[in-house]
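One structure below.
Nothing in this text is a laboratory measurement; each read-out follows from the coordinates by a stated rule. The model shown is predicted, which means the values in this text are computed figures rather than measured ones. Here the Cβ positions follow ideal geometry from the backbone for every residue, glycine too, while neighbour counts run over all protein chains shown.
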Amino acid sequence: MTDITSPIGVGPRVSGLHTGDAAKARLRGRYAAETRFKWIGAGAVALSALFLVLLLSTIVTEALPAFRMNYLTLPIDLSAAKVDPANPGAANYATIAQDALSAKFPGVESRQDRRLLRGLLSSGSGDILRRDIADDPSLLGKTVDYSFPLDDFADLYFKGLIADKGSDTAIATTVAPSGTTGDIEVTFGDDSIASLARGYGAIEENGVLRLTSGAASLFVALDGGMVKLTEISTAGGATVAKGTVLKPLDSNAAAAAGAAMLRVINTPESSRKISDKEIVWLDELKAQNLIQTRFNTIFFFTGASREPELAGIWGAVVGSFLTMIVTLAIAFPIGVSAALYLEEFATKNRWTTIIEVNINNLAAVPSIVYGLLGLAVFLNFFGLPRSAPVVGGMVLALMTLPIIIIASRASLRAVPPSIREAALGIGASKVQMVFHHVLPLAMPGIMTGTILGMAHALGETAPLLMIGMVAFIVDIPGGFTDPATILPVQIFMWADFPEAGFQQKTSAAILILLAFLVIMNAIAVILRKRFERRW
Amino acid sequence: MIGYLVLALFALFAVTYFMGRRRALTSVSGEISKLHSLPSHHGMFLGLAAAGPALIAVAIWSIATPGIESSIIKSRFAAELAGLGIPQVEAFVRDARAIAFGGLVGFTDATKEAAAIAYRSIHQTSIAIILALSAVLAAAGFYLAYSRIAPAYRARHVVERVLKIFLILCSVVAILTTVGIVLSLIFESLRFFQQVPFYKFLFGLHWSPQSAFTGAGTEAGAVDPNIFGAVPLFVGTLLITLIAMLVAAPIGLMSAIYLSDYASRSVRAVAKPVLEILAGIPTVVYGFFAALTVAPFFRGLGESVGLGVASESALAAGVVMGIMIIPFVSSLSDDVINAVPQSLRDGSAGLGATKSETIRKVVLPAALPGIVSAMLLAVSRAIGETMIVVMAAGLAANLTLNPLEAVTTVTVQIVTLLVGDQEFDSAKTLAAFALGLVLFCITLALNIIALRVVQKYREQYD
């Protein structure tokens, strides 16, 4: 054995093939590549997690304001002069509510301003009051404090989502107004206000600083009133500002240094949906402690509306629920039966292969194609009603069917043959074996698959747009053939509405949808953990 | 009414079940061992015989009756409806039905009222017919089956055969769904291609079906076939799909590699659910996210470097769609990578390869067919995805490859053409079915190719 010489020993020995500097560099390079590769992989996972966090945090921060709502409490006059006790339904409750609000601001007289003021209350206030009085007629005949929902812009203002609320700073000089109402002149003790105004976007013309609607709004609070500055002139040594009184002053006495307050709202009036007047009125109401923030019951328990503050999710939730019942009632029995046939009874032949391939292909058909099927077959061929949960449920059932069949087959396949052989061995027929032994053992897996399929169906939107569930429906659906909409479609519709208030509503509706999905998935996980048996 | 009938038939089933059981038991005076089938089988047999045919009749009736009723109305009011187009006739029948069964307010006229009265009487007749028919069927079935119950009667075989037929019918539903999809798409598309030649649809460069009819009263007139050129939609779809795959393919694949070969147990315990949650989020949520956050972000980014980015850019829709597909790619690739036998990795490690070298030079080539198939499935998914593009991509059909501009896709156009109340027979709505047919064919082809790739090029290691 020893005379076998290895070729390595013969030739000129390559020294340091694995120890030289080049080799070390090579090795370093390879290890660096290894680390790099690993970190790229970790980065990919981290990126996915980042996307998820970003998505959820965006939705949650958008959604949270929608769960609370600002109400305005006003004393309303429900005496017999206003509301006929014999026929309370006929009274004009919207006017009653608006009169109660106008009574708070006796100085508001012009038609335009009064309309603006009325607009602070939700346009549905009258209807809400009418409904409450129908429920509780004992309110009639006296003056009661009643809480009205605010209009969406007013609501958003209090939530700080439409304009910054501004900060109050004391004016370190004397401020003298020339009148108590209307357009007045305000004389300042020094010119600090002018330099301030310049910084807030005032336009300077011939030594006069104009605060147009494109600049920040400057308010001066003095003598118990509020003046909005429109132009400031420093000509002739004195700083005189012209302004409009938004809240009447108690007197035209000059305020001492530090007594008047300057309030600046940075968002220019032209680029926000709420005017300076409305802001002053709302702040006044807030100061009188008439504004309360409460849990938003309107959002949870009413149907859809064009008005953001009156729009609720309940109609869509009920619609989704009805649709899911139909889907479950169709897809579960048919899906499980089909899986039982294919897995337990069918002999392997051309026909069953076709069915199998077909089911796998159906699982990959885009969901919108199911919508086209529903439109062409259910609506146009069979003449079923548009927008109805029964049609939506049928379309979703066809879409969920492959998912349930595939999950059920996997679950049936996991039941070991020994169970079947034992059942047949003691004289059960094949049907008895399947229904008494195999199916019960496979049931947890089938249920898990079904719940996951239903969760998928609950989030599906596109096919339901095709069969008209995108219609604007105010009423809460009462049955399977009533026109209805469902949660994801409601989200889609709200996302399209231009009003700012709907953006929060959309996010809140998404949170509710996600909550349902989380619950369903949690049930599926629990079922799997508790009942699924490993053989 | 029909609901009560169905309930009554179920009640009949329950009652006859117990009667059949009792009769079987009394026929052997309580000695079950003398029966061929269990008493419950006899009960099921009697119940099925009594309620089954009637239930089938009710099912057929409720499918067939709306069509029959409306055709009777149409023939009876042929004189009044003469000269109206098909959509108007359909609307007339729909209104008549709505008036007849309550629900419609306003928009009525004398003819419709008359039609509604006729409708109601026809409907009442047809309900009377189905009531009588199911009573006869139930009585006959019960009579025939009741007399057959005897100790030697093989009730179990009958019941099991019926059950098996039911199971077969259920699995045929899947076939019927496919047939329904294919037939409805093809029929409507054929009607579309009668008005617009298919080569102009497939190869035309101009898409603006909203301008199909210029002014009122032109519905019945000729349709301009030059505005149904779908190439801009195909290009837009491919552009968005490409962007989505550029995001999803590397991230999904690298996540799968990291999770299967590098990650510790604790990392995997966190990362897997993260991907599952991403997969479980409804697409409408992604669409909202794209429109609310991602699109403004890209526009702001573009502005800061001096690029004009459309507010509904293909980039935003594509990136968000890519995020949606990441879990799809990663879970499919994960399966494929895990299917590569450990012996290959061990062999590579034994030759001194580092882990990444093993993955890049051994595992990935071995798993390549599976990965290609996963990517094809992801592409098919991206092409068929609707809500993200409906909410974040544009509506105008621009023929461009610039990802910063707004493009539109096949699915967006299907939704825009079919949402809202159009006449069902106009070329505009039929165009949606033609687009649906294209979509169906492409996704089907991609799935079949994906399946073939795996079958043909898979390496067999065991």
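Computed values, structure above
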quantity: Efficiency of FRET from Cβ geometry, A:N349 and B:Y146, R₀ 45 Å, rounded to 0.05; calculated: 0.75
quantity: Angstrom value of the Kirkwood radius, inverse mean 1/r, which spans all Cα pairs in the stretch A:384-450; calculated: 13.7
quantity: Prolate/oblate/rounded label for the protein assembly as shown (Cα gyration tensor, a/c 1.5); calculated: oblate
quantity: Modelled FRET efficiency - R0 22 Å, B:L368 with B:R268, Cβ distances, 0.05 increments; calculated: 0.35
quantity: Residue order, fewest to most beta carbons within 10 Å, for A:Y71, A:Y200, B:Y258; calculated: A:Y200, A:Y71, B:Y258
quantity: 0 to 90° range, to nearest 10: angle between helix A:276-287 axis and chain A longest Cα axis; calculated: 90
quantity: Separation in nanometres of the label points that stand 7 Å from Cα toward Cβ, at B:Q194 and B:V136; calculated: 3.9
quantity: On Cα atoms only, tilt of B:314-339 relative to the major axis of chain B in degrees; calculated: 80
quantity: Shielding by other protein chains, A:311-321, mean Cβ within 10 Å; calculated: 0
quantity: Peptide-level mean, for A:513-519, of C-beta atoms on other protein chains within 10 Å; calculated: 2
quantity: Average partner coverage of B:354-362, which counts Cβ from other chains inside 10 Å; calculated: 3
quantity: Neighbourhood net charge (15 Å Cβ-Cβ; Lys/Arg +1, Asp/Glu -1) for A:V431; calculated: +3
quantity: Cα-derived Rg over Rh, computed across chain B with Rh taken as Kirkwood radius; calculated: 1.10
quantity: Under 13 Å, Cβ to Cβ, from B:V284 - net charge with Lys/Arg +1 and Asp/Glu -1; calculated: -3
quantity: Cα-Cα over 29 Å, subset of A:K430/B:K272; A:K159/A:K228; A:K159/A:K247; A:K165/A:K247; calculated: A:K430/B:K272
quantity: Proxy reagent accessibility, fewest Cβ within 10 Å first, across B:F433, A:F295, B:F166, A:F332; calculated: A:F295, B:F166, A:F332, B:F433
quantity: Viscosity 1.567 mPa s, 4 °C: Kirkwood-radius Stokes-Einstein D of the stretch B:2-153 over Cα pairs, µm²/s; calculated: 71
quantity: Distance (nanometres) between label positions extended 7 Å along Cα→Cβ at A:D99 and B:K361; calculated: 9.2
quantity: Ordering of B:193-200, A:324-331 by burial proxy (mean other Cβ atoms within 10 Å per residue, highest first); calculated: A:324-331, B:193-200
quantity: Between helix B:427-457 and chain B: long-axis angle, C-alpha atoms, 0 to 90°, nearest 10; calculated: 70
quantity: Global form of the stretch A:310-531, assessed from the alpha-carbon gyration tensor, a/c cut-off 1.5; calculated: prolate
quantity: Order of B:T177, B:T416 under a 10 Å beta carbon neighbour criterion, fewest first; calculated: B:T416, B:T177
quantity: Overall form of the stretch A:195-281 per C-alpha gyration tensor (a/c, 1.5; a/b vs b/c); calculated: oblate
quantity: B:R154 versus A:Y200: modelled label distance in nm, points set 7 Å from Cα along the beta carbon direction; calculated: 9.7
quantity: The stretch A:203-277 and the stretch A:77-145: distance between their alpha carbon centers, rounded to Å; calculated: 34
